[in-house]
1. Can you give me the long-range amide H partners of Cys16? Hydrogens built in the peptide plane at 1.01 Å from N, cutoff under 5 Å, separation of 5 or more residues or another chain.
2. With unit charges on the beta carbons (Lys and Arg positive, Asp and Glu negative) and the dipole taken about the Cα centre of the chain, which residue among Gly31, Asn111, Ser192 sits farthest to the positive side?
3. Using Cα-Cα distances under 8 Å and only pairs 6 or more residues apart, what relative contact order does the chain have, in percent?
4. In the chain, if the dipole is taken from +1 on Lys/Arg beta carbons and -1 on Asp/Glu beta carbons about the Cα centre, which of Trp121, Asn177, Trp42 is farthest to the positive end?
5. If amide H atoms are built 1.01 Å from N in the plane of the peptide, which residues on other chains or at least 5 residues away come under 5 Å of the amide H of Val108?
6. Is there a quick way to get the dipole size of the chain? I mean about its Cα centre, with the Cβ of Lys and Arg at +1 and of Asp and Glu at -1; what is the value in debye to the nearest 20?
7. So what are the ³J(HN,Hα) numbers for the stretch 203-210, from phi and the Karplus equation (6.51, -1.76, 1.60; θ = phi - 60°), rounded to whole Hz, Gly and Pro as x?
8. By the gyration tensor of its Cα atoms, with a ≥ b ≥ c the square roots of the eigenvalues, what is the shape of the stretch 18-84: rounded for a/c under 1.5, prolate for a/b over b/c, or oblate?
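Read the figures in this text as sums done on the coordinates, not as results from a lab. Worth saying up front: this structure is predicted, and the values here are computed from it rather than measured. We place every Cβ from the backbone using ideal geometry, glycine too, and count neighbours over all the protein chains shown.
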Amino acid sequence: MPDAQLALFDLDNTLCDRQHAFDAWLAEFSGRHRLTESEMGWLQLIDHDGARPRSEFFAMVRDRLNLGTPVPELIAGYYDIYLANYACYAGVLDSLRSLKHAGWTVAVVTNGSGVQERKIWLTGLGDVLDGWSVSDAVGWRKPAVGIFSDAARNCRVELAGWMTGDGPDTDIAGGKNAGLRTIWVSRGRQWSEDSYQPDVVAADALAGIDRLMRSP
């Protein structure tokens, strides 16, 4: 058994394919509004890989495209398509079950609104995880140590173990701040930070989970 059995995970683009869901919305929205390639590229850019709050994102979209639709309606329409296309990466649920069977406590630490918890239940993660912490609900955002502590507390374990995620400044820096070992999900990217490094680089969450299963 590993000496540190808490495994924390990021949600979007780590356990779940957030990019696919966003791209599905983008294709529908762009077709409906007859957007140019340049405008579509701008939407991808200002999305900031999901880090920009949706209220801010759609305020920018509304102004740039001169839309008459109120921001709340744009957000609601976005989630209708986005959530219908949101799912875990193939194999993730089974791999997490195997990790739990091996003695690990498994939780999610994610920045975002209450929609994040809807995603957890929608994808089936709610039936697998031991707990989770969502930033808007707890008042801390990654990389703040408080959100990691909250997840451990929800699982009734000590904050000691691993953090796995695709965000250098949120997941890896945050995990290190919390005293955790870290696995960076690279998604085909190169590590570019000089001041800190992940303990492990994995191509995706499945590779990261496999590394945890082999932890001494």
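1. Tyr89
2. Asn111
3. Contact order relative to length: 24 percent.
4. Most positive-ward Cα: Trp121.
5. Hits under the 5 Å cutoff: Phe9, Gly131, Trp132, Ser133.
6. Details: 21 positive and 29 negative charges, 50 e Å.
Magnitude of the dipole: close to 240 debye.
7. So the Karplus estimates, Gly and Pro as x, are 5, 7, 5, 4, 5, x, 5, 4 Hz.
8. Numbers: a/c = 1.19, a/b = 1.07, b/c = 1.11.
It comes out rounded by the Cα gyration axes.
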